[in-house]
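The values are calculated or read from the model by the stated rules, or taken from the named source; none is laboratory data. Computed from a predicted structure; not experimentally measured. Please note: Cβ atoms are built from the backbone with ideal geometry, for glycine as well, and neighbour counts cover all protein chains shown.
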Amino acid sequence: MTAVFVHGVPETPVIWDPLLAELGRKDIVNLQLPGFGVDAPVGFGATKEEYTDWLVHELETVVAAAGPVDLVGHDWGGGFVVRVASIRPDLLRSWASDVLGLFNPAYVWHDLAQIWQTPEAGEQFFEQSATTPAADQVALYESIGIPATTGEMLIAAAGPEMARCILALYRSAAQPEMAKWGAELGQAGARPCLAIVAPNDPFVNSNDLALSVAADLGAKIGEVPGQGHWWMLGDPIAGARVLTEFWTSLG
């Protein structure tokens, strides 16, 4: 059984490295979103629908070789995971996401997302970021829970293509678009599922939103105590434990 991991924004697969080391599994695929440290395909518009289609294609390749996967997503990766579970549960043995609150009709995008969703303001944000000294960017990452070594790798991967993709993705998901996805969860509960809860995550508004969606889907709850948005970096041991216990429960 293959475990497939999907990172978020503005990230690359390196955010999973400490957690994957703790898991010690050999059957892991750590995907890299188009435009996030790698070139996006020609003509790729970077909307949430295009990223979902890309993920489906990647999973179809893995499944053809090894069967249905255990799919794990963080941040936007978690959003794509839930969407895939909604429309292609046949590709999955199980799925886990740390952003189920996104699919609650009451969800309100966080302040940074709203800047990115606003024409001109989003572009100005990335123009200013490009001129910010790397040391200052690393310090900012550290202040929100990303270790300096990981922050340095994320900064090295950033650039105009990542900025373009972030802006397009968030603008494709401005409300009520995420609420529409939330109304189409459909078959997502047809496979065993896990809501990963980081109680100090400031980007999901309220964990109550995630718990409500989890209850509707029949998802198990896996809390990573004391952690925020980057729980897999803050406590990879606890994160690995949550996932391993979930997978073990599947038999």
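Among all residue pairs at least 6 apart or on different chains, which show Cβ distances below 7 Å where the first residue, located in segment 79-100, is assigned to a helix (DSSP H, G or I) and the second is among the aromatic types (Phe, Trp, Tyr)?
80/51; 81/95; 82/103; 83/181; 85/95
Okay, residues lined up against (1) at pLDDT 95 or above; (2) under 20 Å from residue 87 (Cβ atoms); (3) under 15 Å from the mean Cα position of the chain (by Cα):
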{"position": "16", "(1), (2), (3)": "yes, no, yes"}
{"position": "19", "(1), (2), (3)": "yes, no, yes"}
{"position": "23", "(1), (2), (3)": "yes, no, no"}
{"position": "26", "(1), (2), (3)": "no, no, no"}
{"position": "33", "(1), (2), (3)": "yes, yes, yes"}
{"position": "36", "(1), (2), (3)": "yes, no, yes"}
{"position": "47", "(1), (2), (3)": "yes, yes, yes"}
{"position": "58", "(1), (2), (3)": "yes, yes, no"}
{"position": "63", "(1), (2), (3)": "yes, yes, no"}
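If a residue has to be hydrophobic (A, V, I, L, M, F, W, C), without any contact (Cβ under 8 Å) to a residue 40 or more places away in the chain and surrounded by 18 or more Cβ atoms within 10 Å (Cβ to Cβ) to count, how many in segment 47-68 make the cut?
The qualifying residues number 2.
Counting only residues that are assigned to a helix (DSSP H, G or I) and touching a strand residue (DSSP E or B) at 6+ places or on another chain (Cβ under 9 Å), which one in segment 16-32 is nearest to residue 56 (Cα to Cα)?
Going through segment 16-32, the residues assigned to a helix (DSSP H, G or I) turn out to be 16-23.
Adding the requirement that they be touching a strand residue (DSSP E or B) at 6+ places or on another chain (Cβ under 9 Å) leaves 16-17, 19-20, 23.
On the way: 16: 20, 17: 23, 19: 24, 20: 22, 23: 24 Å.
Per the stated criteria, the residue is 16.
Quick one: residue 153 ticks every box in (1) closer than 30 Å to residue 219 by Cβ; (2) touching a Gly at 6+ places or on another chain (Cβ under 9 Å) except a single one, so which number is it?
Here residue 153 clears every test but (1).
When the residues of segment 100-151 are filtered to those that are surrounded by 14 or more Cβ atoms within 10 Å (Cβ to Cβ) and polar (S, T, N, Q), which remaining residue is nearest to residue 166 (Cα to Cα)?
Per the criteria, the residue is 117.
Okay, residues lined up against (1) charged (D, E, K, R); (2) under 30 Å from residue 89 (Cβ atoms):
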site: 145; (1), (2): no, no
site: 148; (1), (2): no, no
site: 161; (1), (2): yes, no
site: 168; (1), (2): no, yes
site: 180; (1), (2): yes, yes
site: 185; (1), (2): no, yes
site: 190; (1), (2): no, yes
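Table: residues versus (1) at pLDDT 95 or above; (2) within 16 Å of the chain's Cα centre (by Cα); (3) under 21 Å from residue 7 (Cα atoms).
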position	(1), (2), (3)
146	yes, yes, yes
166	yes, yes, yes
218	yes, no, no
223	yes, no, yes
229	yes, yes, yes
243	yes, yes, yes
